[in-house]
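So the structure is just underneath, and the comments pick up after that.
The values are calculated or read from the model by the stated rules, or taken from the named source; none is laboratory data. Nothing here was measured: the structure is a model prediction, and the numbers come from that model. Ideal geometry is used to build each Cβ from the backbone, glycine not excepted, and the neighbour counts take in all protein chains shown. Areas reflect the complete protein model, heavy atoms only, side chains present, ligands, DNA and RNA absent. Shrake-Rupley method; radii C 1.70, N 1.55, O 1.52, S 1.80 Å.
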Amino acid sequence: MGKSVSIAVIGAGKWGQALQFALSFTLTCKITSRHIKPIENFVSLEEALKCEYLIFALPAQVVRGWLEAHFTFRGQKILVAAKGIEQGSGSFLNEIFAHYVPEDHLSFLSGPSFASEVMQGLPTAVVINSSNETLSKEFAAFFPSFIKTYTSKDVIGAEVCGAYKNVLAIASGICDGLKLGNNARASLIARGLVEMRRFGKYFGAHDETFLGLSGAGDLFLTASSTLSRNYRVGLFLAEGKKLETILEELGEVAEGVFTSEAIFELSAKHMIYTPIAHEIALILKGKEPRISVKDLLSD
Ligand SMILES: NC(=O)C1=CN([C@@H]2O[C@H](COP(=O)(O)OP(=O)(O)OC[C@H]3O[C@@H](n4cnc5c(N)ncnc54)[C@H](O)[C@@H]3O)[C@@H](O)[C@H]2O)C=CC1
Ligand SMILES: O=C(CO)COP(=O)(O)O
């Protein structure tokens, strides 16, 4: 405990708190958020920003605005823990951060890791992705023994996997909500993996990333558990609930809702064939899920 490393988590939602909890096994990890929370080592934003290491656990859609409003680069080393693609611009998080932070100070967290299980100290494996392997290893060393860390240089692959699997988790939730059966869900997840690989390869992702923790690992986790917020969004959509009601009741972020639109736009722009993400974007705009199933079966 208490190594002399200055580190802070920015964002005290589910994931930010779980990461602070985990890192507190090996060092003193501060945390900050826009609203004061009764958490040990909670500090002001000003104090957090003085730290050498920063972990960003904000929703992807607010990252650009937050950086613009609050961030000045002073040599900080960054680990981005969000999973999503910005709606509207279609920007990946590494592209957004690149406006504010040099590439060799940036890393991205991926892999199957429900916050609630990390909070219980359950065994978990994650990947730290950066073009700067020394930086990945520095962050890896901060994790406690119940979290196994891997490093990778495939930043775009990790980002595509982390973002895309949220959309596929919504699809899987819909599939189970409609009681389409195990065959249908396995096919959906398998074809989803093929689809997200096709999308990622277009942007330069490495093949092996899709087979590992960041790809198949996080996809299998999120697309098969009610612990996933995105999967639950799918379940409720299948029940015919309105999206606004679902999101209001969820009270937490479901990144797939925004990322599906970003994938829809990027796929149209670059002519990438992404039928499942396409149908999810349409369902979120009001298309009847059962018609999407018919369309996917006949496509
Ligand atoms: N919860 C999980 O199991 C995991 C989540 N993630 C990713 O981490 C990111 C954050 O997710 P969670 O913490 O789970 O979500 P959450 O909904 O629990 O918390 C989000 C936090 O962001 C804050 N926030 C929202 N808008 C803000 C703004 N404009 N300025 C400042 N703060 C703002 C909220 O106050 C809240 O504390 C997402 O991209 C998610 O996909 C990644 C891995 C696991
Ligand atoms: O990314 C996650 C686990 O790896 C969390 O997924 P949800 O945001 O769907 O809960």
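Ratio of the chain's C-alpha Rg to 2.2 N^0.38 Å, to two decimals?
Working: Rg = 18.6 Å, N = 299, 2.2 N^0.38 = 19.2 Å.
The value comes to 0.97.
Among M196, M119, M271, what's the order by accessible area (1.4 angstrom probe), most exposed first? If you can, show how the numbers build up before the last one.
On the way: M196 0, M119 75, M271 170 Å².
Heavy-atom accessible area, descending, gives M271, M119, M196.
Before anything else, pin down the relative contact order of region 169-299: Cα pairs under 8 Å, at least 6 apart, normalised by residue count, whole percent.
Relative contact order comes out at 32 percent.
How much solvent-accessible surface does L297 expose, in Å² to the nearest 10, with a 1.4 Å probe and all protein chains in place?
The accessible area of L297 comes to roughly 150 Å².
Under a 1.4 angstrom probe, counting protein chains only, how are I291, I189 ranked by accessible area, largest first?
I291, I189
What does the charge count near F92 come to, summing +1 for each Lys or Arg and -1 for each Asp or Glu among other residues with Cβ under 9 Å from its Cβ?
Here the count lands on -3.
How many Lys pairs in region 3-153 lie less than 24 angstrom apart by Cα atoms, where the lysines are 8 or more positions apart or on different chains?
Counting lysine pairs in region 3-153 gives 28.
Please list I39, I174 in order of solvent-accessible area, largest first, computed with a 1.4 Å probe with all protein chains present.
I39, I174
What Kirkwood Rh does region 97-207 have if only Cα atoms enter the pairwise 1/r average? Answer in Å.
Details: mean 1/r = 0.0638 Å⁻¹.
Hydrodynamic radius (Kirkwood, Cα only) of region 97-207 equals 15.7 Å.
Per residue, how many Å² of accessible area does region 58-123 show with a 1.4 Å probe?
41 Å²
Have a look at region 156-298 and give its Rg and Dmax from the Cα atoms, expressed in angstrom.
13.8, 39
Do you know the relative contact order of region 3-153, to the nearest whole percent, from alpha carbon pairs under 8 angstrom that are 6+ apart?
Reported as a whole number, the value is 21 percent.
Using alpha carbons only, how many angstrom separate the centre of region 41-75 from the centre of region 190-231?
Measuring centre to centre over Cα atoms gives 28 Å.
Carbon and sulfur together cover what percent of the accessible area of the chain at a 1.4 Å probe radius?
55 percent
If you consider only alpha-carbon coordinates, what radius of gyration and Dmax does region 3-153 have, in Å?
Radius of gyration, then largest Cα-Cα span, for region 3-153: 14.2, 42 Å.
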